[in-house]
Amino acid sequence: MSRLTEHLLVISFDCLSSLDFPIIKELPHFKKLLEHASFCRNVETIYPSVTYPCHATIVTGKFPRNHGIVNNTFLQPGRLSPDWYWHRRHIRGTTLYDEAKKAGMKTAALLWPVTAKANIDYNMPEIFANRPWHNQIFVSLFNGTPIYQLEMNRKFGHLRNGLNQPELDNFVLESTVETIKTKKPNLMLVHFVDLDSQRHYHGFSSDEAMEALRRHDERLGKIMNALKESGIFEKTTIVALGDHSALDESKAVKLNVLLRKSGLITVNSDGKIIDWKAYCKSCDGSAYIYMKDKDDTVVKDKVKVLLTNLIENEDSGIERILSSSEAKEKGADDKAAFMIEARLGYYFKEQHDGEYIDYIQVEDVREKRYTFASHGYSPEKENYTTMVIASGKGIRPNIEIPSMHLIDEGPTFARLLGLNLGQTDGRVIEEILWDHGDGSPGSD
Ligand SMILES: [Zn+2]
């Protein structure tokens, strides 16, 4: 398969929503990028629409149940801070970066989810020290490319303030610029979280979120500038995309409180979970209900009656109950016995103590117990799509794709690099690509 571009740079602006399009198109650097770009401002995300499954979808072209990253975190009932799907080994099948590496291309990934221990030349994975005895620097070094990360930390580590935003993205930006200039990778994946973080803690349309959009515009400008200074701008395809949108919320639903009261979760005298038959695993805007023994029809009926009673009451916060096969059809984890979707204004938490519903207070959010906006909702929710903008080598200018799906991005990126992701759920968006040859209009 012929290759349409020499360098592909994918920049993920976490939580970039279709609703942001009218704003960013007026910002100087996004405006510049859009001048010769093709784009879709109506990209349907996956279910559950949380970051790790979304990013695994972007590099595989598959739905979560097919690539295996069905949530951000593992099912670990009772753990306050469950482990995340950090490692590449959790993804089933191939990825864009594996195929690029196999074809002899130079690869780089910065804070791209689910890349810990991946075979990437310059890898700074997104992984946090999740045990009190773990040290952040060592966890990062051990799971990515040590010398590369030491170099970036030495040069730009002073910009960081733990995992706080916008400092972390500023560090990622400087590392991205440096990596472009010194390594000139053929495939580069970069993940910025500033906007998502501001939306969680201040609300979807908050001033803080709007400030983050402006900072992202500056970051985009610096990246485009780095490509020009490195002399590879003309040979590069730049893609700017979002993974999901977000919705504001004011109430947290804690279904495990009811599962505990029904005897399906057992706690000890300290309130710690010691056993469970059914457990509500949050994906924020939606949740999986797992059963320890999926064939236990008594437990299943009990859960079903509980959910059916709840959904009759609007104040339960539950909008929809999906069976295992309905969840599968939507691309989510079919190992769950049920999946539930939150109503607007609600999201799911895993706590099993206190009240069934918590009304979110400003102090709760300040202390990071709750958030003011989240995602994870069904792609069918209104005003909930994301976007993708592609520009540069191999891309036809000024084509607007009316609608597409997140699963279409991976196959399209693979096509640009002359790679094949094999059996995917999505399709190549041929409409925006120069058909063949060297990627210039003359060769079409
Ligand atoms: Zn995200």
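Quick look at the numbers
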{"quantity": "GNM flexibility winner over the chain from Ile318, Ile147, Ile120 (Cα, springs under 10 Å)", "calculated": "Ile147"}
{"quantity": "DSSP beta bridges in the chain [antiparallel fraction, %, rounded to 5]", "calculated": "55"}
{"quantity": "Point-to-point label distance, Glu234-Glu382, nm (Cα→Cβ direction, 7 Å offset)", "calculated": "5.0"}
{"quantity": "Positive-end residue of Val305, Tyr356, Tyr370, charge dipole of region 248-374 with Cβ unit charges", "calculated": "Val305"}
{"quantity": "Helical contribution to [θ] at 222 nm, DSSP H n ≥ 4, -39,500 (n - 2.57), averaged over the chain, rounded to 500", "calculated": "-9000 deg cm²/dmol"}
{"quantity": "Net length gained if the chain between Glu167 and Arg214 were fully extended (0.36 nm per residue, minus Cα distance)", "calculated": "15.5 nm"}
{"quantity": "When region 237-295 is reduced to its Cα atoms, the Kirkwood hydrodynamic radius in Å", "calculated": "14.1"}
{"quantity": "Dmax and Rg, reported as Rg then Dmax, of the chain (C-alpha, Å)", "calculated": "21.8, 75"}
{"quantity": "Summed residue charge, Cβ within 14 Å of Lys181's Cβ, Lys/Arg positive, Asp/Glu negative", "calculated": "+2"}
{"quantity": "Loop-located GluC sites (Glu not before Pro) in region 304-352, at most 14 other Cβ atoms within 10 Å (DSSP)", "calculated": "Glu312"}
{"quantity": "Of Leu163, Leu344, Leu322, the one that fluctuates the most in a GNM where the chain has Cα springs shorter than 10 Å", "calculated": "Leu163"}
{"quantity": "Listed peptides 417-423, 33-39 by packing density, highest first (mean Cβ within 10 Å)", "calculated": "33-39, 417-423"}
{"quantity": "Under 19 Å from Lys272, Cα to Cα: aspartates and glutamates that are on another chain or at least 8 residues apart", "calculated": "Asp83, Glu350, Asp353, Glu355"}
{"quantity": "Length gained when the stretch Arg427-Trp133 is fully extended (0.36 nm per residue, less Cα-Cα span)", "calculated": "101.4 nm"}
{"quantity": "Region 386-407 and region 149-181: distance between their alpha carbon centers, rounded to Å", "calculated": "29"}
{"quantity": "Extension gain from Leu75 to His158, taking 0.36 nm per residue of separation minus the Cα-Cα distance", "calculated": "26.3 nm"}
{"quantity": "³J(HN,Hα), Karplus 6.51/-1.76/1.60, whole Hz, each residue of region 327-337, x for Gly, Pro", "calculated": "5, 4, 4, 7, x, 8, 6, 7, 6, 6, 6"}
{"quantity": "Lys, Arg +1 and Asp, Glu -1 on Cβ, resulting dipole of region 228-269 about Cα centre, debye, nearest 20", "calculated": "400"}
{"quantity": "Protection proxy ranking of 149-155, 180-186, 332-338 - average other beta-carbon atoms within 10 Å, highest first", "calculated": "332-338, 180-186, 149-155"}
{"quantity": "The chain - percent relative contact order, Cα under 8 Å, separation 6 or more", "calculated": "30"}
{"quantity": "Fewest-first ranking of Ser197, Ser286, using other Cβ atoms within 10 Å as the exposure measure", "calculated": "Ser197, Ser286"}
{"quantity": "Cleavage-rule hits (trypsin sites (Lys or Arg not before Pro)) in region 258-323: DSSP loop, at most 15 neighbouring Cβ within 10 angstrom", "calculated": "Lys272, Lys292, Lys294"}
{"quantity": "Sparse-neighbourhood loop sites, chymotrypsin sites (Phe, Trp or Tyr not before Pro) in region 91-166 - DSSP loop, at most 13 other Cβ within 10 angstrom", "calculated": "Trp133"}
{"quantity": "Alpha carbon centroid spacing (whole Å) that separates region 22-51 from region 275-345", "calculated": "33"}
{"quantity": "Highest to lowest packing among 10-21, 360-371, scored as the average C-beta count within 10 Å", "calculated": "10-21, 360-371"}
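Bear in mind that the values in this text are calculations on the coordinates, not laboratory data. Remember, predicted model here, so these are calculated numbers, not experimental data. Neighbour counts run over all protein chains shown; Cβ positions are idealised from the backbone, glycine included.
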